[in-house]
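Working notes for the structure below.
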C-alpha cells in the first residue's frame, strides 16, 4: 500500500507537487495520469525516497521506504534503466541482487518471466527499446516485492509486448500486490487500470475508478431509435432522463441507464430499433480534465501553416 498525506515538493519558487493526498491499495492496478510537467515523476521519486518532500508524508507498507531494512523486497521500481552498456542483462541483475542477498536463481526467474532468457548474455548497449523496457521490469520484480512503482513501463514495447505487460500487472494485482504505474497511453491505461489518479500542475484533479472518472466528466449517453420516438422520449424524460432529440425517430439520453429505458419501452408497448449505451473514452475524459493544466501546448494549425 502507498499512502500520501498532503505531499508537497517545491523547488525554489516552483511548486512541483501541491498538497497531494491519495492511497494506492493492494490488489489493484492504479494508473497515474497527467500532462508533462504535472508532477508525476516527482511524486514517484518521493514515494521511492529519491526526493524529500518539502512537507507532508508518504509511506509504503506503513513507513517511509528508507526505513525498510530491505527496500528492494518492499518496492520494485522502474523509472528507466541505468546500467553500463557493456554489461550483460544477467550481470546487471546479479549486481542488483547482490545488494539484497537475492539468490542468483531469482535472476534467472525474472529473466524468464520478462522474456529475456535468450538475451541474458547480451550486452545491454545493444538492446532495443522493448528489450530495455523488459530489463527494467525484470529489475523491478527482482526482490519479489509487494508494491510496484512503474513510470512509463511500456515505452518501446511492441503490441505483443504491451499485451504481455497488461496481463502481467493484472496477474500481480490479482495476487494482492499494489501496482502504481504512469503512462501517456490512455487506451492502454483504460484496459489495464482499476483506479486512476489524475494530476495537473501539481494538484490532484481527479481520483476514482476508470468509470467513475469518466462519468464525472461526461456521463454515459444512450442512443435510442424507435418509430414512436416522440412518445417514448416523453416517458423517458418523466422517469428522470435528460433527452436530446437528434432526429424524427432518434434521441439521446443521459442520467438514465439503458436497461431502465428498455423496461420503460416494454412497459408502454413501444418498439425499439436501437438502444446503445455510449461511454466516453478515458482519453476524452483525461483531455477534458487536463485542458487547463497543460504546460506545453502547440497550435497544430499555426505550426503547419508556418511550415509551408
List 100, 92 from most exposed to least, where exposure is judged by having the fewest other Cβ atoms within 10 Å.
-> 100, 92
Please find, in a Gaussian network model of the chain (springs between Cα atoms separated by less than 10 Å), the residue of 50, 141, 172 whose mean-square fluctuation is greatest.
-> 50
By how many degrees, between 0 and 90 and to the nearest 10, does the Cα long axis of helix 159-174 differ from the longest principal axis of the chain?
-> 90
Could you work out which residue, out of 241, 76, 208, moves most in a Gaussian network model of the chain, that is, has the largest mean-square fluctuation with Cα springs under 10 Å?
-> 241
Cα-based helix-to-principal-axis angle, 104-113 vs the chain, degrees rounded to 10 | 30
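Rounded, prolate or oblate: which one fits segment 219-279, using the alpha carbon gyration tensor with axes a ≥ b ≥ c (rounded when a/c is under 1.5, else prolate when a/b beats b/c, else oblate)?
Working: a/c = 1.37, a/b = 1.19, b/c = 1.15.
Taking the square roots of the gyration eigenvalues as a ≥ b ≥ c, segment 219-279 is rounded.
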GNM on the chain, C-alpha springs below 10 Å: top fluctuator among 179, 253, 20?
-> 253
The chain: angle of helix 89-98 to the longest principal axis, Cα-based, in degrees nearest 10 = 70
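Bear in mind these aren't lab numbers, they're just calculated from the coordinates by the rules spelled out. Keep in mind that this is a model prediction, so the values were computed, not measured. Heads up, the Cβs are rebuilt from the backbone with ideal geometry, glycines too, and the neighbour counts pull from every protein chain shown.
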